[in-house]
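Let me begin by presenting the structure, written as structure tokens, before commenting on it.
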Amino acid sequence: MRAALLIVDMQEMLVPLVWRGEELAARIAALARKARENGVPVIALRQIGAPGTDFDPDSPGTRVSGLLGLEPVDVVVDKTATDSFYRTGLAGLLVDRGVDTVVLTGLATDYCVDATARSAQSHGLDVVLVADGHAPSADGDPTTGLTAEQVVARHNLLLRTAIHPGGRLRVVPSAEVEFTGP
């Protein structure tokens, strides 16, 4: 297994809006340190949009959160869709590094994390979804009446049991994530 840690949309303006955002950032930062110690690449995805919008690429709010402690060796990939692979260089970046497994974390559980997990599998990658490494909006999903904690639990179950072509998906708590070096 050759892994990469993917951190989806942990941006300055989003971390305060999600369920336990600062706690999540600290957990992901610890995973990033552990990944680097084992020679595993850390790749942060950043949602951007058109100039003048909330996701204006030049807006300070779209920067990857400083709470993650990214280092110069880490890679940031800009994206414009919920699927981190859509019209980005992510797939090529992973191929160039010989990655066959992505360890997936970030925001938001029910949008970009879900779409990225499914797309990674469609790209033939195995996915380790960090069970406590992703979060939805702080208010969960009011349209369905699900709390944030229920949204996370539901997506952990759905993604773990979905029949999806390509790679396999496992759900693993952050404390049990293991990175193997190159």
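The values are calculated or read from the model by the stated rules, or taken from the named source; none is laboratory data. For clarity, every value in this text was computed on a predicted model and none was experimentally measured. Cβ placement follows ideal geometry from the backbone for every residue including glycine, while neighbour counts extend to all protein chains displayed. The area values use the complete protein model at the heavy-atom level, side chains included, leaving out ligands, DNA and RNA. Shrake-Rupley method; radii C 1.70, N 1.55, O 1.52, S 1.80 Å.
Contact annotation: residue pairs with Cβ atoms under 7 Å, 6 or more positions apart or on different chains, pairing a residue in the stretch 120-138 that is closer than 11 Å to H155 by Cα with a partner that is of a type in the set (G, A, S) and in a strand (DSSP E or B), are H134/G106. Is the stretch 100-113 home to any residue that is over 22 Å from L159 (Cα atoms) and either among the acidic types (D, E) or modelled with pLDDT of 95 or more (or both)? Scanning the stretch 100-113, I find no residue that is over 22 Å from L159 (Cα atoms) and either among the acidic types (D, E) or modelled with pLDDT of 95 or more (or both), so the answer is no. Is there a residue being more than 12 Å from the chain's Cα centre (by Cα) and outside any helix (DSSP H, G or I) anywhere in the stretch 25-38? Within the stretch 25-38 (the criterion being more than 12 Å from the chain's Cα centre (by Cα) and outside any helix (DSSP H, G or I)), the answer is yes, since at least one residue qualifies. M1 passes every criterion in (1) out of contact with any helix residue (DSSP H, G or I) (no Cβ under 6 Å at 6 or more places or on another chain); (2) under 14 Å from V177 (Cα atoms); (3) at pLDDT 95 or above; (4) not in a strand (DSSP E or B) apart from (3).
Here is a yes/no grid of residues against (1) of a type in the set (V, I, T); (2) over 14 Å from M10 (Cβ atoms); (3) modelled with pLDDT of 95 or more; (4) open to solvent by 30 Å² or more (accessible area, probe 1.4 Å):
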site	(1), (2), (3), (4)
N38	no, yes, yes, yes
V42	yes, no, yes, no
R46	no, no, yes, yes
T62	yes, no, yes, no
S65	no, no, yes, no
T80	yes, yes, yes, yes
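Filtering the stretch 1-13 to residues that are surrounded by 22 or more Cβ atoms within 10 Å (Cβ to Cβ) and at negative phi leaves A3, A4, L5, L6, I7, V8, M10, Q11.
The set of residues in the stretch 126-151 being surrounded by 14 or more Cβ atoms within 10 Å (Cβ to Cβ), in contact with a helix residue (DSSP H, G or I) (Cβ under 7 Å, 6 or more places away or on another chain) and either assigned to a loop (DSSP other than H, G, I, E, B) or modelled with pLDDT under 95 (or both) consists of P136, G140. Going through (1) out of contact with any Leu (no Cβ under 6 Å at 6 or more places or on another chain); (2) open to solvent by 20 Å² or more (accessible area, probe 1.4 Å) one by one, S119 falls short only on (2).
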